[in-house]
Amino acid sequence: MKKAETLQIKYHSREIEKLRYIDGKSDWIDLRAAEDVALKAGEYRLISFGISIKIPEGYEAHVVPRSSTFKNFGILQSNSCGIIDCSYCGENDIWKMPVYAVRDTEIHVNDRIAQFRIMENQPRILFEEVEHMEGQDRGGFGSTGTV
């Protein structure tokens, strides 16, 4: 079993529910809207989660929509996956989600619209240039499963 990491968190709103880790269900932690938002189809907006978190050195947070976010709210996370590094931890470094609405929608305080997990940073990478790749050729991008 991995050791627990402690994350310092500041809540910028008293209205939002506190974050919690649910053992045995998933290691992703739900993020809730900290504001009421009304969007028309085609609009973009940063939605605040109302929190600042200090990620431990050597880790980063990955922020993505919940599986039901598009179905329930008709929004897409416009940066696909948000990456928050350990240096984003100042008093006003409030976590937000950039969204694009595909239909008119309303999001209310405490609606669960995203989730996050922390991951260890990638190790230092070196690149070695070669003339030929030695792995089996699978046919190129998008070719798996075609006849």
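The values are calculated or read from the model by the stated rules, or taken from the named source; none is laboratory data. Note that this is a predicted model, so its numbers are computed, not measured. Note: ideal-geometry Cβ built from the backbone for every residue, glycine included; neighbour counts use all protein chains shown. Side chains are part of the model used for accessible areas, which takes the heavy atoms of the whole protein and leaves out ligands, DNA and RNA. Shrake-Rupley method; radii C 1.70, N 1.55, O 1.52, S 1.80 Å.
The figures follow:
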| quantity | calculated |
| --- | --- |
| Per-region count, region 33-55, residues closer than 16 Å to TRP95 by Cβ, in contact (Cβ under 8 Å) with a residue 60 or more places away in the chain and not in a strand (DSSP E or B) | 5 |
| Some residue of region 137-147 being at negative phi, assigned to a strand (DSSP E or B) and open to solvent by less than 40 Å² (accessible area, probe 1.4 Å) | no |
| Within region 82-102, considering residues that are open to solvent by 90 Å² or more (accessible area, probe 1.4 Å), of a type outside the set (A, V, I, L, M, F, W, C) and modelled with pLDDT of 95 or more, the one nearest to the chain's Cα centre (by Cα) | LYS96 |
| Hits in region 94-116 - residues which are in contact with an Asp or Glu (Cβ under 8 Å, 6 or more places away or on another chain), of a type in the set (A, V, I, L, M), within 25 Å of TYR21 (Cα to Cα) and outside any loop (DSSP other than H, G, I, E, B) | ILE107, ALA114 |
| Test: residue in region 14-22 that is farther than 26 Å from GLU120 by Cβ, surrounded by 11 or more Cβ atoms within 10 Å (Cβ to Cβ) and out of contact with any strand residue (DSSP E or B) (no Cβ under 8 Å at 6 or more places or on another chain) | yes |
| Matching residues in region 70-81 - criterion: being over 12 Å from the mean Cα position of the chain (by Cα) and open to solvent by less than 50 Å² (accessible area, probe 1.4 Å) | PHE73, GLY74, ILE75 |
| Residues that are outside any loop (DSSP other than H, G, I, E, B) and either over 30 Å from TYR21 (Cβ atoms) or open to solvent by 100 Å² or more (accessible area, probe 1.4 Å) (or both), drawn from region 117-131 | GLU120 |
| Any hit, region 110-123, residues being within 30 Å of PHE73 (Cβ to Cβ) and acidic (Asp, Glu) | yes |
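Residue-wise test of (1) acidic (Asp, Glu); (2) in a strand (DSSP E or B); (3) in contact (Cβ under 8 Å) with a residue 24 or more places away in the chain.
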position: LEU19; (1), (2), (3): no, no, yes
position: LEU31; (1), (2), (3): no, yes, yes
position: LEU76; (1), (2), (3): no, yes, yes
position: ILE83; (1), (2), (3): no, yes, no
